[in-house]
Amino acid sequence: MKDPAKRIVITGAGAVSGAGSDVASIWEGISAGRTAIVPYEQWSGENWPVKIAAEVKENNRTLVADRKLHKSISRTDLLGLYAVDQAVQNSGLLDYRESLGDSETTRFNDRTGIMSGSGGGNYRSNYDFLPLISETKGDLHAFGSELPNMVTPMWLLKNLPNNVLCHAGIRYQFKGTNGCVTNQCLSGLQSVVESSEAIRAGQADRMIAVGHDSPFEPENVRYYHGHGLMSESVPRPFDKDRDGTVFGEGAAAVNLESESSAMDRGATVSGELLGSGCVSDARGILRLREDGDGVSRAIELALADAGISADQIGMICAHGNANKASDESEARGIRRVFGETGIPPVTGFKWAYGHLIAASGVIDLVLILEALRHQRVPGIPTLKEVDPNLSPFPVSSSPQETASDIALVICRGFGGMNLSVLLRAR
Amino acid sequence: MAEIPKHRRVAITGVGMVTPVGNDAATTWANLRVGKSGCGYPESFDASGFSTRIGAEVKDFHPDKILPRNKLLKYASRPHGFALAAATEAFADAGISPTESDAHRWGLSVGAGMMSVSFDDLKTVQRFAAPDGNFDPDGLLDDDFPVSPVSFSRWQSNSGLGLLTQQFGIRGYATSVHTACASGGQALGTALKVLRRGQCDYMLAGGFDSMLNPVGLSGFCLLGAVSEDNDTPEKASRPFDLTRNGFVLGEGAGFLVLEDWEKATERGASIYAELAGDGNSLSCYRITDSPPDGNGPIQAIEQALRDAGISPEEVDYINAHGTSTQMNDQSECAAMKAVMGQSIDQVHVSSTKSCMGHLIAAAGAVEAIVCSLAIRDGIAPVNANLETPDPDCDVNLVRGESRSVPIRAALSNSLGFGGSNSSLVFRHPHFVSS
């Protein structure tokens, strides 16, 4: 793809997680092998089997200055807005818009879009109703009549899955093509893909893509642990003793634009999106294919979309959620594409900032871009012994050398979803 | 004259609906044509204590009769049941579905609702973890607290997607979107884009939702967004009427089979209409309020027409978002007038929410099917309950009864809380734009 109008470049990024409140500090922590998964503070874990998580340290006021928003939207939305802010500041879009005349400004706003990837509703959002249910003891008539006295009128608006889209729009007046993906773990990274496709198709000149989520809450921990998906220690992706994932919370955002848009305004380009592939396993909500067929098909589609071959890839950022079956099928899927010996260095970051569910793929994208720029594949410090069922599989507890300036990001979700994205450092 | 863009054309070859006025597309369409209301008093829960006691419920719905002995139904919530039923109908109608050899060329794009838990599950949490109303996480650790894989599976943000891909063996691109009331429209717009960029040859696309439950209805009652005409449910939804006072909450699903035009014509498929254009904008105004001058919806409608290569005078029917709230209807009319210019008097406009109520995340998908059927039959369905037209909404509303009128192209608007606006353009399969 040589046409600069169709070449998609990254000109801004932002991230917030337990491991740091901007891209540089998260990268610094990962490079130093520091995990942010520590005893949590949201509630007392004393009686809980799972006592750790990667909580964001920022309070609501440092995330978003406008105090009115603290009551009218959820914490996950504040995280998303914080990451959008960073990406927008980092991209220099606003200074450029300032320099435009009135009609050019209108066109700029109409041609700039926002796409969010959201966790959708969480369990916690419904707890505003608990006092009312308790008070009315199962009497639905009383529930209805007492409702206005006991539940905030803002309840519905506070919990809209598309709140980040709405409030980022109001803040920046970016009125172009938009959307909100609620596709479980794929949400954030799929919003990046749909954003880049919107630019390729000429529907927008630039897009902010953001993923945000705060899956760390008691009910979710209870269910994930009850279903054998959650570890009681820091996750060990691809290790023989891996036993599940651990939640974090956070968000990441990128500013994407066509190369011609970036050149026109003299923007600093940090990377280029080369292509993507997305497929479904069609095996149900929680089941996945053991043979990794969905993973390999997603990678092959991304390679074809980018017009490159597997041996050009320098590193892989795996989904690596440290679930037994998921990691194994992922490794198999990777091997189907690269062969036994052709796999480039593989890493994954969930040991550092936990599993961010809807934001997981997009924060991985932002951090693997840092890895490309530093020409260094970070190690997975929790890895003690690679699962012999997977080997040979080039993961390591210490840093590895990159084989090129191209990375592959793999993101997987419930519903048998597989998404892979190829990017290059610039 | 607008130029027809040179990209892959997309045919609508199958439709399926479950709505408050019918549990299939034919019944729904027949009732919309005669302006029959699906609004009444909900039977699935006691709404008698709420400020709004009315709703547009799906009636006599038995998914096990549509999908007999189907193991997936156990994992299906009420809206998932609507989705599976409507999608089953759409595939049967299209006469084509994924096979082992082409499953990877089939995709799925759904607009899913925002409900994240059932009321019964929430009551269970209250019983264990908030007996006095204050939430204590440790209550969830009780040995008897149910950690059911069924509930867990049902309430993931993409559970509907997972059930649909599994049921029909769809193995290509799949996505689930939510932009409140614009969800269904945006899901179809996404499907159109996926087909155009060649990632799939066929897509199942649609939306499903049910907020007609104690928590969902609460949300809208608290906001004051729903009509409180509790004594006259059938007249409560009256888009564009001067006396309108809110929408009626509905539920349901609509699904379409979309197909590469060449493939559809090669196999001799019966084509309802071409899904010809998609427009998509953000109002950037307020979270629930619509911009009075139509700034936002205007860009979506303009984009959709441009994308389809259709000029305003070629549009014969608009299925309006028309929720029956004061602000939406006024703002939407301002937008329609701004874009259509002098053609606005020729184009027939109606909101079928006047009969069906507001299906929220399913609305845009169901209304896309209404446009397809309107084109096929040359009928602009009636905007029911329009007795005192609002002078601020002086467009050519289909008042009194449905109109027989050839429809070359139709436009459907979906405008969501949060400011997302979706417009879709449908073209008659034999209409060649001048």
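Taking 0.36 nm per residue of separation and subtracting the Cα-Cα distance, full extension of the segment from A:His70 to A:Lys137 would add 21.1 nm. Take the Cα of B:Ser433, step 7 Å toward its Cβ, do the same at A:Lys384, and the gap between the two points is 6.5 nm.
Of B:Asp201, B:Asp345, how do they rank once you tally other Cβ atoms within 10 Å and put the fewest first? Working shown, then result.
Values: B:Asp201 19, B:Asp345 10.
So the ranking, lowest neighbour count to highest, is B:Asp345, B:Asp201.
The mean count of C-beta atoms from other chains within 10 Å of the C-beta of residues in A:269-281, rounded to a whole number, is 3. Let me know the Kirkwood hydrodynamic radius for chain B, please, with Cα pairs as the basis and the value in Å to one decimal. That comes to 21.5 Å for chain B.
With N denoting the number of residues in the stretch A:68-170, provide Rg(C-alpha) divided by 2.2 N^0.38 Å, to two decimal places. Before the final figure, lay out each step's value.
Numbers: Rg = 19.3 Å, N = 103, 2.2 N^0.38 = 12.8 Å.
The stretch A:68-170 yields a ratio of 1.51.
Full extension of the segment from A:Ala5 to A:Glu28, taken as 0.36 nm per residue of separation minus the current Cα-Cα distance, would add 4.9 nm. Both radii come from the Cα set of the stretch B:313-424: Rg as radius of gyration, Rh as Kirkwood radius; their ratio Rg/Rh reads 0.92. Evaluated at q = 0.17, 0.21, 0.27 Å⁻¹, the base-10 log of the normalised Debye intensity for the stretch A:369-426, with identical point scatterers placed on the Cα atoms, takes the values -0.74, -1.00, -1.09. Note on the stretch A:214-363: Cα Rg divided by 2.2 N^0.38 Å, N the number of residues, gives 1.17.
Would you tell me the mean number of C-beta atoms belonging to other protein chains that fall within 10 Å of each C-beta in A:38-45, as a whole number?
Numbers: counts 0, 0, 0, 0, 1, 4, 3, 2.
The per-residue average across the peptide is 1.
3J(HN,Hα) couplings calculated from phi for the stretch B:10-21 with the Karplus curve 6.51 cos²θ - 1.76 cosθ + 1.60 (θ = phi - 60°) are, in sequence order, 10, 9, 9, 10, x, 9, x, 9, 10, 9, x, 10 Hz; Gly and Pro show x. Mean-square fluctuation check for chain B, GNM, Cα pairs under 10 Å: which of B:Asn134, B:Asn158, B:Asn396 is largest? Sorting by GNM fluctuation, first place goes to B:Asn134.
For the protein assembly as shown, the convex hull spanned by the alpha carbon atoms encloses 142 Å³ per residue. Diagonalising the gyration tensor over the Cα atoms of the stretch B:17-149 and scaling each eigenvalue by 5 before taking the square root yields semi-axes of 34, 25, 12 Å, largest first. Here B:His7 and B:Glu266 are evaluated by their C-beta separation; at R0 = 25 Å the FRET efficiency comes out at 0.85. Each part reduced to its alpha carbon centroid, the stretch B:263-340 and the stretch A:372-426 end up 44 Å apart. For chain B, the relative contact order is 24 percent, taking Cα pairs closer than 8 Å that sit 6 or more residues apart in sequence and dividing their mean separation by the residue count.
Starting with the fewest neighbours, write out A:Val269, B:Val248, B:Val177 ranked by other beta-carbon atoms found within 10 Å of each beta-carbon.
Details: A:Val269 16, B:Val248 30, B:Val177 33.
Ranking A:Val269, B:Val248, B:Val177 by Cβ neighbours within 10 Å, fewest first, gives A:Val269, B:Val248, B:Val177.
Less than 5 angstrom separates the built amide H of B:Ser157 from those of A:Gln184, all sequence-distant by 5 or more or on a different chain. Once backbone amide H atoms are built at 1.01 Å from N, B:Ile379 has B:Val405 as its partners under 5 Å, excluding neighbours fewer than 5 places away on the same chain.
So if we plug the beta-carbon distance of A:Glu98 and A:Asn60 into 1/(1 + (r/R0)^6) with R0 = 22 Å, what FRET efficiency do we get, rounded to 0.05? Can you show the working numbers first?
Values: r = 29 Å, r/R0 = 1.32.
Step by step, r from the Cβ atoms, then E = 0.15.
Between amide H atoms placed 1.01 Å from N, distances below 5 Å from B:His358 occur with B:Val248, B:Leu249, B:Gly250, all of them 5 or more places distant or on a separate chain.
Computed from backbone phi with θ = phi - 60° and the Karplus coefficients 6.51, -1.76 and 1.60, the 3J(HN,Hα) list for the stretch A:69-79 is 6, 4, 8, 9, 9, 8, 4, 4, 6, 4, 4 Hz; x is used for glycine and proline. Considering only A:Trp48, A:Trp351, A:Trp27, the mean-square fluctuation computed in a Gaussian network model of chain A, springs between alpha carbons under 10 angstrom, is largest for A:Trp48. Straight-line cross-link reach from A:Lys350 at under 16 Å between alpha-carbon atoms covers these lysines, not counting any fewer than eight positions away in the same chain: A:Lys324, A:Lys384.
Restrict the search to the stretch B:56-123; then list the GluC sites (Glu not before Pro) that DSSP places in a loop and that have at most 11 other Cβ atoms within 10 Å of their Cβ. It would help to have the intermediate numbers written out before the result.
Working: sites: B:Glu57, B:Glu89, B:Glu100; in loops: B:Glu57, B:Glu100.
Within the stretch B:56-123, the qualifying GluC sites (Glu not before Pro) (loop, at most 11 other Cβ atoms within 10 Å) are B:Glu100.
Helix-only arithmetic for chain B: the sum of -39500 (n - 2.57) across DSSP H runs with n ≥ 4, divided by the residue total, places the mean residue ellipticity at 222 nm at -9000 deg cm²/dmol. Multiplying the residue separation of B:Asp142 and B:Arg197 by 0.36 nm and subtracting their alpha-carbon distance yields 14.7 nm.
Averaged over the residues of peptide A:193-204, the number of Cβ atoms from other protein chains lying within 10 Å of each residue's Cβ is 3. Here the 3J(HN,Hα) profile of the stretch B:95-105, calculated from phi with Karplus coefficients 6.51, -1.76 and 1.60 at θ = phi - 60°, is x, 8, 7, x, 10, 3, 7, 10, 4, 6, 9 Hz, Gly and Pro shown as x. Model label points for A:Arg107 and B:Lys74, set 7 angstrom from Cα along the Cα-to-Cβ axis, are 6.0 nm apart. Here chain A is treated as an ellipsoid with the same Cα gyration tensor; its semi-axes, largest first and in whole Å, are 32, 30, 18. Under the criterion of Cα pairs below 8 Å and six or more residues apart, the relative contact order for chain A equals 23 percent. Legend: distances between Cα atoms for B:Lys59/B:Lys235; B:Lys36/B:Lys193; A:Lys71/A:Lys175; A:Lys57/A:Lys158; A:Lys158/B:Lys71; A:Lys137/B:Lys235; pairs beyond 27 Å are B:Lys36/B:Lys193; A:Lys158/B:Lys71; A:Lys137/B:Lys235. Could you work out which residue, out of B:Ala30, B:Ala335, B:Ala361, moves most in a Gaussian network model of chain B, that is, has the largest mean-square fluctuation with Cα springs under 10 Å? Top of the fluctuation ranking is B:Ala30.
For the pair A:Glu340 and A:Gln42, label points projected 7 Å from Cα toward Cβ lie 4.5 nm apart. Once C-alpha pairs closer than 8 Å and six or more residues apart are averaged by separation and normalised to the residue number of the stretch B:98-207, the relative contact order reads 48 percent.
On the basis of the beta-carbon distance and an R0 of 41 Å, B:Ala26 and A:Arg171 show a calculated FRET efficiency of 0.30. Net charge dipole, the protein assembly as shown: roughly 1120 debye, given to the nearest 20, about the Cα centre with Cβ charges of +1 for Lys and Arg and -1 for Asp and Glu.
Could you tell me how far the Cα centroid of the stretch B:159-210 sits from the Cα centroid of the stretch A:183-218, in Å? Rounded to whole Å, the Cα centres lie 15 Å apart.
Read-outs throughout are calculated quantities, based only on the coordinates presented, and are distinct from any laboratory measurement. Every value quoted in this text rests on a predicted model; they were computed, and no experiment measured them. In this analysis, Cβ positions are derived from the backbone assuming ideal geometry, glycine residues included, and neighbour counts consider all displayed protein chains.
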